[in-house]
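**Q** Structure incoming, see below.
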Amino acid sequence: MQRRCRRRKKRRQLPPESAEESATEGTEEALKGGGSNIIYVITASFATPMFETEANAVKETAEALGYEVKQVSHDDDLTVQAEVIDTAIADGAAGIVLDNAGAEGSVAAVQKARDAGIPTVIIDRELASDGVAIAQLVSNNYQGAQAVAEIFVEAMGEKGKYAELLGKETETACTVRSQGFHDVIDQYDELEMVAQETANWEQTTAYEKMGTILQANPDITGVVCGNDPMALGAAAACKEAGIKAVIISVDGSNEARDAILAGEMTATAMQEASIMASKAVNIIDKYLKEGATGYDDEKVLIDCTAITADNADKLNNFVLSE
Amino acid sequence: MKNINKNTVLMNLMRGRTFFVLLVLVIFFAAKSPAFLTVSSIISVMRHVALYGILGIGMTYVIITGGIDLSVGSVVGLTGMIAGGLIFQGLTILPLGITIYFNVPTIVVISLALGAIIGLINGFIITKFDVAPFIATLGMMNVARGLAMLRSNGATYQNIAGYEELGNTGFHKIGGSLGIIPNVVLIFAAIALIASVILKFTPLGWHIFSVGGNANASRLSGVKVQKVTTLVYMFSGVCAAVVGLITSAQLTAANPSSGDGWEMNAISAVVLGGTSMSGGVGTIGGTIIGAFVIGVINDGMIMIGVSEFWQKVIKGIIIVLAVIIDQFQAKLHARMALMQQSQEMNA
C-alpha cells in the first residue's frame, strides 16, 4: 500500500501574523447599505448543521434589532453565490452576512456588493482579499484542527495506522483543516496515514468510502475527518466492521456530541458558529449606524473549542454552557 | 467465407465486451491490492454495486423506451427523508391535532408508493404534455431534492432506531444481512430477476421494446404507448425508493443530500451494459455487468489509493471507451448481416 499524501503550501492566512494585518481603510467613506431593511445571510447547504445554526443565529439577532432576514444557500457553488449576491443587491439589502464558497473566487462577488454600497461581513471561512468586506470573523480552522489532532495523537498512543477523509478539496477550509491535522500528527513517525479520500463533506459518501478503505486496511485504528457528518459516516462504517477506532473531526455539532457521548467518536473542534453569526449582525448594525465596525482589524480569528467526552454534555447548538 | 469466420470470432469476443472490461479491472485491482479478492471485500463491493444496480435496472426500462430519468438520485434522498421523518416525528394531521406513528412495514409501503407517485408524475408530464423526458425529470430532480431538504430544513435525521413504546423499531434491519450476504444484494438479485423475466417473457416487455423502437408504429399496432411509458417511470421511481430506504437503513441516518449524482452512475451502468440511448435495445443482464464495472472501478481505485481527481478521469474514459466498442460492434453486426445476405443471394 503506497502512502499518498496530498500536501499543500501553507496558507498565508495562518496565525499569528494575520492578526496584525492592516485594518479597513479608514479614509474611505462608509457604505450606506442598499436602502431596504433586509439582511441577507448566505451560507452553504443547511444539510450541515453548522450552517443552519449560522442562518438561525443571524435571523434571531437581526430580527431583535428590527431587520428583516432572508436566508439563502449557495451550495458551495461560486456561480450560485454570485447569483444570490446579485439578488441581494437588486433587493437593496442593508447588509450581507456571508459564509463564502471559496476564498479567492468569492472576492469579485463581495466587491460587487461593496460597489453597490452594501456592507458584507464574512463569517467562518475567510476571504482572500482585504478591504472588500467590512469585517471577517474567521473560524480558526487551523487551531481547531490542531487542538483535536493533539487529542487524536494521545488517544492513539502515538502510534498506529489511520485514514483521512477530506471535504471538498477546492475549499480553503478543507485544506487548512488537513494542514492543521498533519502539522501535529506528522511529528509522530509511528502514526502512519494509509488512506486519504475525499468524501465531499457528506455522511453517506463517507460511510461508503470508509467501508471500502477498511477492506483494504483492516488494521486501521484511527480516522481523521474534515467535518462532523463525515466522522459520523466513518463511525458507522467502523462499527459495522467491528473496528474500534479513534475518530476526530472539526465542527462541533449536536450529532457529533451524541456520538462522542456514545463512545463512537473521540473528539470534535467546536466552531463558534452561533457567536460568529450574531457578532456579524451586530457589526453590520453598528457600521450602518456609526460608519465603523468597532474592530481595529478587518480579520478576526475566532478560536475553536475541543469537545471530548469530558465536556460534550454541555454542548448544545454550538454553544458550550457553563 | 474466410472473412466471415474472422468476423464471427471478433463478434463473439465483442459480445462480452463489458464483461471483458470487468474481468480486466478485477485482475488489475487484485494484482495491485491483495485485499481486493477477499470474501469481505467482495461483499463490500457487491453492496455498493447493488445500489447502482437497482437504480440501473429501473433506468434500463426507461432508456429502452427512449427516455431518461434524471430524478432517481433525488428520489433516493427524498424517500430516505420521508421514511426517517415518519419514524422520528410520525405524521401529524394538523386539523385534528394528532400524530400517527406507523410501524416499519407500513413506512416501507408508503416510501415505495412515494417513489411510484413521483414516477407517475414524471410519466404524466412526459406523455400528456409532450415534455421531453430529459426536461421533465430534470425538473423532478430539483423538486424532489428541494422537498428532501424542506422535510427537515436541511438537517440529517440521525440514529433512526424508532421508539420501543410506539412499536416502530427495526428500520435498520432493512440494511442488515442474511448470513454473510447483505440484504441489499438479495433485494438487487430479486429485482433483477423479476425485471429480466418481465422484459424477456411478457407482453409488457415486448411493449417496452416496441415503444423505444418506434412509438408511432407500436401505437398503430395497438400498444398503449402512454400507459407503458408511465409504467416504466413508475418502476424507476420505485427502484429509487428502494435504494433510498436501503441507504438510510444501512446508515440508520437519513441525509437530504444523499444520492446526489447517483443518476449518473445508474445511467453509466446502463450504457456500459449495452443499452442504446436511442431506445429499443437493452438487457437487464448487461446493466448488472455495467453496475459491477462502475462499482469495481469506484472501490478498486479507493483500495489502491488513486486520487479522487484521477478516479473521475479514469471512470469517464472507461465509460466512453466501452461505448465506442459498442458502436464498433453495431457496425460490424450490420456489415455481417449484409455479407450473409449477399452470399445467400449468390448461392
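**Q** Across the stretch A:160-192, which residue is most open to solvent (accessible area, probe 1.4 Å) among those that are over 18 Å from the mean Cα position of the chain (by Cα) and within 22 Å of A:Cys238 (Cα to Cα)? Break it down stepwise before answering.
**A** Restricting attention to the stretch A:160-192, the residues satisfying the condition of being over 18 Å from the mean Cα position of the chain (by Cα) are A:160-163, A:183-192.
Keeping just the survivors that are within 22 Å of A:Cys238 (Cα to Cα) gives A:160-163, A:185, A:190-192.
Values: A:Gly160: 24, A:Lys161: 68, A:Tyr162: 2, A:Ala163: 0, A:Ile185: 1, A:Glu190: 124, A:Leu191: 7, A:Glu192: 68 Å².
Looking at residues that are over 18 Å from the mean Cα position of the chain (by Cα) and within 22 Å of A:Cys238 (Cα to Cα), I get A:Glu190.
**Q** A further question follows. Give the residue, chosen from B:Gly290, B:Gly279, B:Gly273, B:Gly285, that is within 30 Å of B:Ala132 (Cα to Cα) and either open to solvent by 20 Å² or more (accessible area, probe 1.4 Å) or among the hydrophobic types (A, V, I, L, M, F, W, C) (or both).
**A** Numbers: B:Gly290 fails: either open to solvent by 20 Å² or more (accessible area, probe 1.4 Å) or among the hydrophobic types (A, V, I, L, M, F, W, C) (or both); B:Gly279 fails: either open to solvent by 20 Å² or more (accessible area, probe 1.4 Å) or among the hydrophobic types (A, V, I, L, M, F, W, C) (or both); B:Gly273 fails: either open to solvent by 20 Å² or more (accessible area, probe 1.4 Å) or among the hydrophobic types (A, V, I, L, M, F, W, C) (or both).
Just a single option satisfies the conditions, and that option is B:Gly285.
**Q** While we're looking at this one, here's another question. Might you check whether a residue that is within 14 Å of chain B (Cβ to nearest Cβ) and either assigned to a strand (DSSP E or B) or at pLDDT below 80 (or both) occurs anywhere in the stretch A:15-36? Before you say what the answer is, go through the steps one by one.
**A** The initial filter retains those residues of the stretch A:15-36 that are within 14 Å of chain B (Cβ to nearest Cβ), namely none.
Within the stretch A:15-36, none of the residues are within 14 Å of chain B (Cβ to nearest Cβ) and either assigned to a strand (DSSP E or B) or at pLDDT below 80 (or both).
**Q** Moving to a separate point now. Take the residues in the stretch A:219-272 that are in a loop (DSSP other than H, G, I, E, B) and in contact with a Lys or Arg (Cβ under 6 Å, 6 or more places away or on another chain), then tell me which one is farthest from the other protein chains (Cβ to nearest Cβ). Before you say what the answer is, go through the steps one by one.
**A** Just the residues of the stretch A:219-272 that are in a loop (DSSP other than H, G, I, E, B), to begin with: A:219, A:226-227, A:241-245, A:252-253, A:262-266, A:271-272.
Adding the requirement that they be in contact with a Lys or Arg (Cβ under 6 Å, 6 or more places away or on another chain) leaves A:219, A:226.
Numbers: A:Asp219: 11, A:Gly226: 13 Å.
Looking at residues that are in a loop (DSSP other than H, G, I, E, B) and in contact with a Lys or Arg (Cβ under 6 Å, 6 or more places away or on another chain), I get A:Gly226.
**Q** With B:Phe102, B:Phe88 as the choices, which residue is in a loop (DSSP other than H, G, I, E, B) and in contact (Cβ under 8 Å) with a residue 12 or more places away in the chain? Can you show your working first?
**A** Values: B:Phe88 fails: in a loop (DSSP other than H, G, I, E, B).
Exactly one residue qualifies, and that residue is B:Phe102.
**Q** I would also like to ask the following. State all residues of the stretch A:193-210 that are open to solvent by less than 20 Å² (accessible area, probe 1.4 Å), closer than 18 Å to B:Thr252 by Cβ and facing chain B (nearest Cβ under 7 Å); if no residue qualifies, say none.
**A** The answer is A:Gln203, A:Thr204, A:Tyr207.
**Q** OK, next. Taking the stretch B:20-37, which residues are within 10 Å of chain A (Cβ to nearest Cβ) and over 26 Å from the mean Cα position of the chain (by Cα)?
**A** Within the stretch B:20-37, B:Lys32, B:Ser33, B:Pro34, B:Ala35 meet the criteria.
One line per residue, one yes/no per condition, for (1) among the polar types (S, T, N, Q); (2) open to solvent by 10 Å² or more (accessible area, probe 1.4 Å); (3) more than 18 Å from A:Ile283 (Cβ to Cβ):
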| residue | (1), (2), (3) |
| --- | --- |
| A:Ala94 | no, no, no |
| A:Val97 | no, no, no |
| A:Asn100 | yes, no, no |
| A:Val107 | no, yes, yes |
| A:Asp115 | no, yes, yes |
| A:Ser139 | yes, no, no |
| A:Gln146 | yes, yes, yes |
| A:Ala149 | no, no, yes |
| A:Ala155 | no, yes, yes |
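**Q** Would you mind stating whether B:Ser342 is more than 14 Å from chain A (Cβ to nearest Cβ), part of a loop (DSSP other than H, G, I, E, B), surrounded by fewer than 24 Cβ atoms within 10 Å (Cβ to Cβ) and small (Gly, Ala, Ser)?
**A** Judged against the criteria, B:Ser342 is not a match.
**Q** Does the stretch A:220-229 contain at least one residue that is more than 11 Å from A:Leu165 (Cβ to Cβ), hydroxyl-bearing (Ser, Thr, Tyr) and open to solvent by 30 Å² or more (accessible area, probe 1.4 Å)?
**A** yes
The values are calculated or read from the model by the stated rules, or taken from the named source; none is laboratory data. Model, not experiment: these values are computed from the prediction. With ideal geometry, Cβ positions are generated from the backbone for all residues, glycine too; neighbour counts draw on all protein chains shown. What goes into the accessible areas is simple: the full protein's heavy atoms, side chains included, and nothing from ligands, DNA or RNA. Shrake-Rupley method; radii C 1.70, N 1.55, O 1.52, S 1.80 Å.
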